[in-house]
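**Q** To start, I am sharing the structure in question, which I have written as structure tokens.
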Amino acid sequence: MSDIPIYVVGHKNPDTDSMASAIGYAWLHRERDGEDAIAARAGSPNPQTMFALKHFGVDTPVLLEDAAPRFKSIEHQLDPLTPASPLSDAWRLSAELGRAVPVVDAEKYPVGMVTGLSVFKYLSGHLDMADAPFRALIAVPCGEACDLDVPKFNVNDRVSNYLGSVMTMDREDFWIVDSDGKYQGTCSRADMLHPPRTRLILVDHNEASQAVSGLAEADVLEVLDHHRLATINTTIPIAFHIDTVGSCSTLVAERMRMARLTPPPGVAGMLLSGLLADTLIFTSPTTTQRDRMSGTWLAWMTFGVDEAEAGMQEYGMQLLRAGADLSGRTEEEIVSADCKAFDAGPVNFTVSQVEVTNFQLLIDRLPEVRKALSVLQGQRNSAFSVLMVTDIIQNNSILVAVGNNRYLERMPFAKKGEGWWDLPGVVSRKKQLLPTLLNMLQV
């Protein structure tokens, strides 16, 4: 078994289903397969997810902003010497470890490295067989015989960002330092050429544009999803599962049942949260009988068999309302919190979604929302960007859009005003809105 952990991670701008799936699937891989699986997230939890995590007392998954190897993954934490240490100590340590020996000051700032070349240069300038015994020479302080010009790399920097420049350098060893420039460890050119790759299991997505940054420099082991097929490239064969259910949490729950494993209440509660959020408490057109069956099973473990149905309905409304409260959210947060990027041939666009209990809550802020959406469109360099505003009480939506008029004029919806349209009966981005937009772009 590899000693590199497996990060189970959902898409960027994670919603409740994405984060719950990561929590549940990481637990399953630990319990069923004995793997060192860690639930991770590729962004900040939204208010709805925070509500669920707090309600069930579950820790927020670790933040994985970038899956590309960092210098942290290749550092060698050698016990450094001081500039006053005798050169003989460095000589002995280097022979034992087969590496350059770090020399740091009392504050842990790098001074230099004792290498074979640095020792040779020192000895060549001081060795005199007539009156300078070798024993005396290797008793000199390390600070006099070390290489003072060793390049430094931050422990959190991407290895690949510096590989090209390192290949042009006539040296083998390098410092790894923290954000204050203090010693963390050392690495070699060979370490940089072959860093350990982050191991990933992707849940609730299968598009590279929605995945954690640095995906191309990581090893994807598995995908578990319920969205359209837009596959990523992998270097090895992987397990790939996409199924037509309303929630990725349903797929995780089904695999727990197949393994005859009962998750703890917190994990079950989070999976139930992801399921209820994505299916709008089973009212979304994406809902299947499998979602309902998994929801009942998870509710049994969360609320008890006798209280399962009532508890699930009551909690579900609390959960949806937690995600529909816009009072403390800026326009930038509204358009970016649940934003997904898509490609249709040469056209790239973004689709954001927000839930409300009354359309007027957002219509009153429409000019500011459209301005924030325009900023998002520019940042993503998209042909157009849309915000789907879904009323969780009435099960209807409106669409706010900005971008190239060539595409906005094709919107097959009833226009209500400047830059916004009515979407009666549309609540699913995945099953209702996205297919319509993709078909529109093929005209």
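The values are calculated or read from the model by the stated rules, or taken from the named source; none is laboratory data. Bear in mind that the values here come from a model prediction, so they are computed numbers and not experimental data. Note: ideal-geometry Cβ built from the backbone for every residue, glycine included; neighbour counts use all protein chains shown.
**Q** Filter segment 337-386 for residues that are part of a loop (DSSP other than H, G, I, E, B), touching a strand residue (DSSP E or B) at 6+ places or on another chain (Cβ under 9 Å) and within 18 Å of Ala208 (Cβ to Cβ) and give the result.
**A** Asn381, Ser382
**Q** On to the next question. Take segment 323-343 and flag every residue that is at pLDDT 90 or above and farther than 19 Å from Arg429 by Cβ.
**A** Answer for segment 323-343, where residues must be at pLDDT 90 or above and farther than 19 Å from Arg429 by Cβ: Thr330, Glu331, Glu332.
**Q** Provide a single number: the residues in segment 394-415 that are in contact with a helix residue (DSSP H, G or I) (Cβ under 9 Å, 6 or more places away or on another chain) and part of a strand (DSSP E or B).
**A** So the answer is 7.
**Q** Also, I was wondering about something else. Scan segment 149-194 residue by residue and report those that are out of contact with any strand residue (DSSP E or B) (no Cβ under 7 Å at 6 or more places or on another chain) and among the aliphatic types (A, V, I, L, M).
**A** Leu163, Val166, Met167, Met169, Ala190, Met192, Leu193
**Q** Within segment 409-426, is even one residue surrounded by fewer than 20 Cβ atoms within 10 Å (Cβ to Cβ) and in contact with a Gly (Cβ under 9 Å, 6 or more places away or on another chain)?
**A** The answer is no, given that none of the residues of segment 409-426 is surrounded by fewer than 20 Cβ atoms within 10 Å (Cβ to Cβ) and in contact with a Gly (Cβ under 9 Å, 6 or more places away or on another chain).
**Q** Looking only at segment 377-396, how many residues end up being crowded, with 16+ Cβ neighbours inside 10 Å, within 22 Å of Phe282 (Cα to Cα) and out of contact with any Lys or Arg (no Cβ under 9 Å at 6 or more places or on another chain)?
**A** 3
**Q** Something else now. State the number of residues belonging to segment 85-116 that are of a type in the set (Lys, Arg) and under 41 Å from the mean Cα position of the chain (by Cα).
**A** Final tally of qualifying residues: 2.
**Q** Only one residue in Ser209, Ser249 is of a type outside the set (Phe, Trp, Tyr), modelled with pLDDT of 95 or more and surrounded by 15 or more Cβ atoms within 10 Å (Cβ to Cβ). Which one?
**A** Ser249
**Q** Now a separate question. Just for segment 295-342: of the residues that are under 24 Å from the mean Cα position of the chain (by Cα) and basic (Lys, Arg), which one is nearest to Leu272 (Cα to Cα)?
**A** Lys340
**Q** Quick check: anything in segment 184-199 within 18 Å of the chain's Cα centre (by Cα), crowded, with 17+ Cβ neighbours inside 10 Å and among the β-branched types (Val, Ile, Thr)?
**A** yes
**Q** Scan the strands (runs of 3 or more DSSP E) fully inside segment 136-215 and keep the ones with 3 or more residues being under 30 Å from Phe120 (Cβ atoms) and not charged (D, E, K, R).
**A** Qualifying strands (runs of 3 or more DSSP E): 173-177, 183-188.
**Q** Which pairs do you get when a residue that is on the phi > 0 side of the Ramachandran plot and at pLDDT 90 or above, found in segment 414-443, comes within reach of a residue that is charged (D, E, K, R) and part of a strand (DSSP E or B), reach meaning Cβ atoms under 8 angstrom, with the pair 6+ apart or on two chains?
**A** none
**Q** Still on this structure, I have one more. Listed residues Gly116, Gly112; which is free of Cβ contacts under 8 Å to residues at least 40 places away in the same chain and more than 30 Å from Arg197 (Cα to Cα)?
**A** Gly116
**Q** Let me ask another. State the number of residues belonging to segment 271-290 that are in a helix (DSSP H, G or I) and more than 26 Å from the chain's Cα centre (by Cα).
**A** Final tally of qualifying residues: 2.
**Q** Of the residues that make up segment 46-54, is at least one farther than 28 Å from Leu193 by Cα, out of contact with any Pro (no Cβ under 8 Å at 6 or more places or on another chain) and of a type in the set (Ser, Thr, Tyr)?
**A** Scanning segment 46-54, I find no residue that is farther than 28 Å from Leu193 by Cα, out of contact with any Pro (no Cβ under 8 Å at 6 or more places or on another chain) and of a type in the set (Ser, Thr, Tyr), so the answer is no.
**Q** Any residue that is in contact (Cβ under 8 Å) with a residue 60 or more places away in the chain and either part of a helix (DSSP H, G or I) or not assigned by TED's automatic domain parsing to the domain that holds His55 (or both) - is there at least one of those in segment 294-301?
**A** No, there is no match, as no residue in segment 294-301 is in contact (Cβ under 8 Å) with a residue 60 or more places away in the chain and either part of a helix (DSSP H, G or I) or not assigned by TED's automatic domain parsing to the domain that holds His55 (or both).
**Q** Please indicate, with yes or no, whether at least one residue in segment 93-105 is aliphatic (A, V, I, L, M) and either outside the structural domain of Pro151 (by TED's automatic domain parsing) or within 26 Å of His227 (Cα to Cα) (or both).
**A** no
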